[in-house]
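What follows is calculated from the coordinates using simple rules that are stated; it is not laboratory data. These numbers were taken from a predicted model, which means no experiment stands behind them. Here the Cβ positions follow ideal geometry from the backbone for every residue, glycine too, while neighbour counts run over all protein chains shown.
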């Protein structure tokens, strides 16, 4: 699979961001609350902020205090970014290998762009990612193909010459809708058995598997 560029989802795919998100949720939970199920928080992270608030705080859109709590959560998270977030094991070596091949890479995420930018900066990647498209960069976000098509324009490639790597069914749907091959990861926040059903063009059990696909 020879490609001209690689695009990554952020949460769960490129990095493990759950620890900082969990800290932000804990800051809003009543004292004495039972511990959160880390596995369920991981799964909710793959879906987005609404799922995190549902899982961590029992809130649903439309509730009276939902929007104020959502803003408070995002504020806590912004301050906590970089506290415990880390690249997934083996991902640093993969990024080094891509750059050694002069193969550009970028990030397309549903996380708000300013937060995603802070994550990349905390990971030391701000000057290395060739593009960053967040969930609010455009009017529509994944699983709509627009964010991936926009990233391709920024990189100067056609979608069929890129590949998107993600850990959620919406990632695969967005890539295919954009006319781009898609690889699902087994080390992200979704269940492996679910990932096998998404119709991806390949399944990465470790980050290093990406390099095999690109040979």
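Multiply the residue separation of residue 206 and residue 101 by 0.36 nm, subtract the distance between their alpha-carbon atoms, and state the gained length in nm to one decimal.
35.8 nm
Pull out the extension gain between residue 79 and residue 193, defined as 0.36 nm times the separation in residues minus the alpha carbon to alpha carbon distance; nm, one decimal.
On the way: separation 114, 0.36 × 114 = 41.04 nm, distance 3.48 nm.
Fully extending the segment from residue 79 to residue 193 adds 37.6 nm.
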Given 132-139, 191-198, the highest-first ranking by average Cβ count within 10 Å works out to 132-139, 191-198
Distance in nm between residue 36 and residue 89 label points, each 7 Å along Cα→Cβ, equals 2.3
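Shape call for the chain from the C-alpha gyration tensor, a ≥ b ≥ c root eigenvalues: rounded (a/c under 1.5), prolate (a/b greater than b/c) or oblate?
On the way: a/c = 1.73, a/b = 1.71, b/c = 1.01.
It comes out prolate by the Cα gyration axes.
Can you say what percent of the DSSP beta bridges in the chain, counting only those with both residues inside, are antiparallel? Round to 5.
Values: 2 of 18 bridges.
Here the share of antiparallel DSSP bridges comes out near 10 percent.
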From the Cα centre of the range 37-65 to that of the range 147-161, the distance in Å is 31
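Determine, from the Cβ-Cβ distance of residue 2 and residue 186 and an R0 of 22 Å, the FRET efficiency 1/(1 + (r/R0)^6), rounded to the nearest 0.05. Mind showing how you got there, number by number?
Numbers: r = 23 Å, r/R0 = 1.06.
Between residue 2 and residue 186 the formula returns 0.40.
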Listed residues 27, 51, 122; largest mean-square fluctuation, Gaussian network over the chain with Cα springs below 10 Å, found at 27
Rounded to the nearest 0.05, FRET efficiency between residue 54 and residue 139 (Cβ-Cβ, R0 25 Å) equals 0.55
Over the chain, the sum of -39500 (n - 2.57) across DSSP H runs of at least four, divided by residue number and rounded to 500 deg cm²/dmol, gives at 222 nm -12000 deg cm²/dmol
Both in Å, the radius of gyration and Dmax of the C-alpha trace of the range 18-80 are 10.6, 28
